[in-house]
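Below: one structure, written as structure tokens.
The values are calculated or read from the model by the stated rules, or taken from the named source; none is laboratory data. If you're wondering where the values come from, they're calculated on a predicted model, not measured in any experiment. As a convention, Cβ positions derive from the backbone with ideal geometry for all residues, glycine included, and neighbour counts pool all protein chains shown. Ligands, DNA and RNA are excluded from the accessible area calculation, which covers all protein heavy atoms including side chains. Shrake-Rupley method; radii C 1.70, N 1.55, O 1.52, S 1.80 Å.
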Amino acid sequence: MHLEYQNQNSTQTLREAIEEYHQYLIQIGRQILADSPEDTDPVWLYHDATHAIFGQDTTIEGEATLDFWVIFGTNFSWRLLKKYQQLPEIKELSRAVVSELGITFVPKLYWRNKRALWTVMRNTRRMNKKWPFELPIALLDKKLDDLRAEYGITILTSEQKTPSLPTKFDYSIVSKIT
């Protein structure tokens, strides 16, 4: 499924792109994860914004590619990444991946996806400036094409995202593992 925010020149605002991403999650039967209102670091908003600005989906390959966008193309903080890794949903997903696909799956995933990952690394080196992982709320109402031009973000094409061997993983097992 190709979404509007996955077009390099999308004229959606970042807010609209995140809403489209959330609709995509609903269509594929996934839960929209949200921050609590009192959370001063809305990690899920930051995470969802990276999916939108970098044009990634939620396949396992898309999430692995997003890891590289975040590490090399944002000014993330280790504190927030640790907070993200400690979220119950992320812990549950990690357990499910290991249970279903094995402990050696993650290195194999990165190896199989190396073409996309190298392209992301090249694209992040060409950026004008790093994307602010801790998203200033004012950016939500700016258009994706303007933001991508300002930051020098060139998202991957559909062909560049296609892994050599797509992973078949049933995300519905995540809720069964708790």
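Taking the mean number of other Cβ atoms within 10 Å as a proxy for protection, how do you rank 147-160, 98-111, 57-70, 28-41 from highest to lowest? Please report the intermediate quantities before stating the final value.
Values: 147-160: 16.1, 98-111: 13.2, 57-70: 19.7, 28-41: 10.6.
Taking the mean over residues of other Cβ atoms within 10 Å, the ranking is 57-70, 147-160, 98-111, 28-41.
Could you give the size of the charge dipole of the chain about its Cα centre, using +1 on the Cβ of each K and R and -1 on the Cβ of each D and E, expressed in debye and rounded to the nearest 20?
Working: 22 positive and 23 negative charges, 193 e Å.
Its charge dipole is roughly 920 debye.
Taking the Kirkwood radius as the inverse of the mean 1/r across Cα pairs, report the Rg/Rh of the chain.
Expressed as Rg/Rh, it is 0.94.
What are the lysines whose alpha-carbon lies under 30 Å from the alpha-carbon of LYS129, with same-chain residues fewer than 8 places away excluded?
Output for LYS129: LYS82, LYS83, LYS114, LYS142, LYS143, LYS161.
In terms of modelled amide H atoms, which long-range or inter-chain residues lie less than 5 Å from the amide H of THR13?
LEU144
Around TYR5, with a cut-off of 9 angstrom between Cβ atoms, what is the net charge of the other residues, counting Lys and Arg +1 and Asp and Glu -1? Walk me through the intermediate numbers first.
Numbers: positive: none; negative: GLU4, GLU16, GLU20.
Once all neighbours under 9 Å are counted, the net charge is -3.
What is the distance in Å between the Cα centroid of the range 20-48 and that of the range 118-134?
23 Å
As a test of reading the structure, rank MET1, MET127, MET121 by solvent-accessible area (1.4 Å probe, protein chains only), most first.
MET1, MET121, MET127
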